[in-house]
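The values are calculated or read from the model by the stated rules, or taken from the named source; none is laboratory data. What you are looking at is a predicted structure, and each value in this text was computed from that prediction instead of being measured. We place every Cβ from the backbone using ideal geometry, glycine too, and count neighbours over all the protein chains shown.
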């Protein structure tokens, strides 16, 4: 899935298991790009 500038894709539950998520590989980067990852870490007590 190609996202347009300013898009947000939320992946959770089974989506994380069945789909890869990453920036497309490129040999020469012409413009800066940002990939943000937010995680929830749950601890067992």
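Checking residue 17 against (1) part of a loop (DSSP other than H, G, I, E, B); (2) at pLDDT 75 or above, which single condition isn't satisfied?
If we test residue 17 against (1) part of a loop (DSSP other than H, G, I, E, B); (2) at pLDDT 75 or above, just (1) comes out false.
Condition check: touching a residue at least 12 places away in the same chain (Cβ under 8 Å) and assigned to a loop (DSSP other than H, G, I, E, B). Does residue 35 satisfy that? Working first, answer last.
Values: touching a residue at least 12 places away in the same chain (Cβ under 8 Å): yes; assigned to a loop (DSSP other than H, G, I, E, B): yes.
It is true that residue 35 is touching a residue at least 12 places away in the same chain (Cβ under 8 Å) and assigned to a loop (DSSP other than H, G, I, E, B).
Being surrounded by 10 or more Cβ atoms within 10 Å (Cβ to Cβ), free of Cβ contacts under 8 Å to residues at least 12 places away in the same chain and either touching a strand residue (DSSP E or B) at 6+ places or on another chain (Cβ under 7 Å) or assigned to a loop (DSSP other than H, G, I, E, B) (or both) is true for just one of 11, 42. Which residue is that?
Numbers: 42 fails: surrounded by 10 or more Cβ atoms within 10 Å (Cβ to Cβ).
Answer to the check: 11.
Please go through (1) on the phi > 0 side of the Ramachandran plot; (2) surrounded by 10 or more Cβ atoms within 10 Å (Cβ to Cβ) for residue 6 and return the number of the only condition it doesn't satisfy.
The single condition residue 6 does not satisfy is (2).
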